[in-house]
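Peer 1: Can you keep this structure in mind? I'll have questions shortly.
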Amino acid sequence: MRKKAAGQIPRQHSRAINTTKTIALAFAGIILLGTLLLALPIASRDGHSCGFLPALFIATSATCVTGLSLFDTWTQWSGFGQTVILCLIEIGGLGFMSVASLVVFLLRRKVGLKQRMVMAQALSLTDIHGVVRLQKLVLLGSISIQGVGALILTLRFAQSYEFWTALKWGVFHSVSAFCNAGFDIFGSISPGGSLIAFCSDPVLLMTLSVLIVIGGLGFFVWQEIITQHRWGKFSVYTKLVLLMTGGLILGGWILVCLLEWNNPGTLGNMSIADKLVNGLFQSVTTRTAGFASIDQAALTDAGKAVSMVLMLIGGSSGSTAGGVKTVTMMVLLLFLTARSRGKSAVCAFKRTIPGSQVMDAMTICTIMMGLAVFGTIFITATSPMNFADAAFESVSALATVGLSAGGTACLSIPSQILIIIYMYFGRVGVLTISLGFLMGDRAEERFEYAKTNLLIG
C-alpha cells in the first residue's frame, strides 16, 4: 500500500477547500460590485455619492441578507439604488450559484462535475447526488413562493395606495422576507420605522411571517416535504428541523408575549389580538429576518435577551437564514441531555448521531458565542452604546438578522468595519466552516500523548 506523502491533502478535502474558496470569493466579488454601484451618485436620492464605506456596509448587509443599515432605505436610495439592493438580496439569499445555474438551465448547457460540486456546497449538501434536480426545485420553488407573496402583498397594499406603489412594495418586501433580509422601503410613510406603521395589519404580518419561515427551513427540507409527504418517511434531519423550528417559534411567541405584554413601548398599548399577532411576528422575525413591527429599542432587557437567543440560533442549513442553525443547536441540546443522564451516545429518532458531528456542533456554537462576546465588548468600547444594545447589534450582524435597538447609525467607523466583517462571516464563514467539517477528511493523528486526568466542574 502506498503511503501518503507528508502534508499531502486528500483529494476530497482539496475539492472541498477549492469550492469553499469559490463561494467565499464569489460573495466578496458580488459585495464589491454592489458597493461600486451603490457608491454612484445615481444610486442616492439626492444625487450625491454616499461614500465607499457606507456603500460597502449596505452592499454587505444586502448580499449577506442581514438588513442592518446606516440609512433608511427609501430616504437614502433612488429607484436605481433600491433595485441594486433588491438584486443583492436575491443573489445573497438564494446563493450566487443558484442565479448562475438559472442561466445554465435557460441556455440548456450541461452541468459539469465542478459546477455540481459548487452547487452542492452552496446548498449545504454533503454529496452531488441529485444536486441538479434540487437546484431546479430551489429555483422554481423560490420564484413561485416569492411570486405568490408579492401578489398577496400587492393586493393588500392596493387597498390603500396607488397600484404602482403597491406593486413595488409587494415585490420588494416579498423578496426581502423570503430571503430573510429585512430591508424595507416604507420610509415614505415612516422613515426608519420598518413595519411599525403596519403593526395592526395581520394580513401583512402573517404573509411576511410565512415567507420568512419557508425561506428559513432550508432547500433540502423543501425537497423532502414535497417528495416524501409523510412524517414517517422524513429523514432525521428534516424531523429535527421541523421540530426545532416549531418549538422556537412557539417558545419565542410565548416568551415575547409574557415579557412585553404590559410594556407601553412595545405591546402594552395594543389590543389583545394585535399583541398576539405582533408577539408571534417578533418570534419569527428574530430568526434572521430583520423586520420590526415593534420598537426594538423599547424592548425590556429580558425581551432583548430572548430576541438575541433566537437570533443566534437562526434558521436551518441550506436556507436563506443565518445563525448557528437549528439542527446544530438541537444536536448540542441532545448532547447535553444525554450527558446529564450519564449517557455517552447522542440519539434522535432511534438513530445515533456520530460523535464527530456532535463535536462539530459544539465548535460552531463556541465560535459564534466567542465572536458575539468579542463584538459586544468592541462596540461598547468604540461606540456610544450601552452593553445590551451593543450585544444586540453584534449578535444581529453575526447571525445576519438585521434587527437593531437603534444603534446602527451611531456606530463608529471601527465598529462599522467590524459589523461588515461579522455580516460577511455570518453568511459565508459559518457556511464554509460547517461544510469544511462535513466534506473534508479528518486530520490524521500522527502520534498521541499520554493521557492525564483533570478536575472538571
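The values are calculated or read from the model by the stated rules, or taken from the named source; none is laboratory data. Since this is a predicted model, take the numbers as computed values, not measurements. Every residue, glycine among them, receives a Cβ derived from its backbone with ideal geometry; neighbour counts consider all protein chains shown. Areas reflect the complete protein model, heavy atoms only, side chains present, ligands, DNA and RNA absent. Shrake-Rupley method; radii C 1.70, N 1.55, O 1.52, S 1.80 Å.
Peer 1: Of all the residues that make up region 349-366, how many are touching a residue at least 60 places away in the same chain (Cβ under 8 Å) and of a type in the set (K, R)?
Peer 2: 1
Peer 1: Would you be able to say whether some residue in region 292-303 is within 25 Å of G429 (Cα to Cα) and out of contact with any Leu (no Cβ under 6 Å at 6 or more places or on another chain)?
Peer 2: No: zero hits.
Peer 1: Only one of (1) under 21 Å from the mean Cα position of the chain (by Cα); (2) modelled with pLDDT of 95 or more is not met by T286, so which one is it?
Peer 2: The number of the failed condition is (2).
Peer 1: When region 171-202 is examined, which residues are found to be open to solvent by less than 20 Å² (accessible area, probe 1.4 Å) and among the small types (G, A, S)?
Peer 2: S174, S176, A177, A181, G182, G187, G193, S194
Peer 1: Among the residues of region 28-44, which ones are open to solvent by 30 Å² or more (accessible area, probe 1.4 Å) and either assigned to a helix (DSSP H, G or I) or at pLDDT below 95 (or both)? First the steps, then the outcome.
Peer 2: Step one: of region 28-44, the residues open to solvent by 30 Å² or more (accessible area, probe 1.4 Å) are 28-30, 32-33, 36-37, 40-42.
Within region 28-44, A28, G29, I30, L32, L33, L36, L37, P41, I42 qualify.
Peer 1: When both residues are 6+ apart or on different chains and their Cβ atoms are under 7 Å apart, which pairs have a first residue that lies in region 46-68 and is open to solvent by less than 10 Å² (accessible area, probe 1.4 Å), and a second that is at pLDDT 95 or above and assigned to a loop (DSSP other than H, G, I, E, B)?
Peer 2: Short answer, once both residue conditions are applied: A55/A39.
Peer 1: Moving on. Do the conditions hold for V284, that is, is it touching a residue at least 60 places away in the same chain (Cβ under 8 Å) and part of a helix (DSSP H, G or I)?
Peer 2: yes
Peer 1: Another question about this same structure. Considering (1) open to solvent by 20 Å² or more (accessible area, probe 1.4 Å); (2) touching a Lys or Arg at 6+ places or on another chain (Cβ under 8 Å); (3) of a type outside the set (D, E); (4) part of a helix (DSSP H, G or I), say which one M308 fails and leave the rest.
Peer 2: (2) is the only condition that M308 fails.
Peer 1: Can you tell me which residue is modelled with the highest pLDDT among those in region 5-27 that are assigned to a helix (DSSP H, G or I) and either acidic (D, E) or open to solvent by less than 40 Å² (accessible area, probe 1.4 Å) (or both)?
Peer 2: Taking region 5-27 as the starting set, the residues that turn out to be assigned to a helix (DSSP H, G or I) are 11-27.
Those still in the list that are either acidic (D, E) or open to solvent by less than 40 Å² (accessible area, probe 1.4 Å) (or both) too: 16, 19-20, 23-24, 26-27.
Values: A16: 46, T19: 61, T20: 66, I23: 72, A24: 77, A26: 80, F27: 84.
Per the stated criteria, the residue is F27.
Peer 1: Here's another thing I want to ask about it. Let me spell it out: the conditions are (1) more than 14 Å from V324 (Cβ to Cβ); (2) among the aliphatic types (A, V, I, L, M); (3) surrounded by fewer than 21 Cβ atoms within 10 Å (Cβ to Cβ); (4) at pLDDT 90 or above, and A409 meets all of them except one. Which number is the exception?
Peer 2: Checking A409 against (1) more than 14 Å from V324 (Cβ to Cβ); (2) among the aliphatic types (A, V, I, L, M); (3) surrounded by fewer than 21 Cβ atoms within 10 Å (Cβ to Cβ); (4) at pLDDT 90 or above, the one that fails is (4).
Peer 1: Looking at L208, L217, can you tell me which residue is out of contact with any Phe, Trp or Tyr (no Cβ under 8 Å at 6 or more places or on another chain) and open to solvent by less than 30 Å² (accessible area, probe 1.4 Å)?
Peer 2: Values: L208 fails: out of contact with any Phe, Trp or Tyr (no Cβ under 8 Å at 6 or more places or on another chain).
Selected residue: L217, the only one of L208, L217 that is out of contact with any Phe, Trp or Tyr (no Cβ under 8 Å at 6 or more places or on another chain) and open to solvent by less than 30 Å² (accessible area, probe 1.4 Å).
Peer 1: Right, here's the next one. Any residue in region 257-279 that is farther than 12 Å from A302 by Cβ sitting within a Cβ distance under 7 Å of a residue that is surrounded by fewer than 17 Cβ atoms within 10 Å (Cβ to Cβ) and of a type in the set (S, T, Y)? List the pairs, counting only those 6 or more apart or interchain.
Peer 2: D274/S200
Peer 1: Something else about it: Can you tell me which residue is farthest from I417 (Cα to Cα) among those in region 367-394 that are in contact (Cβ under 8 Å) with a residue 60 or more places away in the chain and touching a Gly at 6+ places or on another chain (Cβ under 6 Å)?
Peer 2: D389
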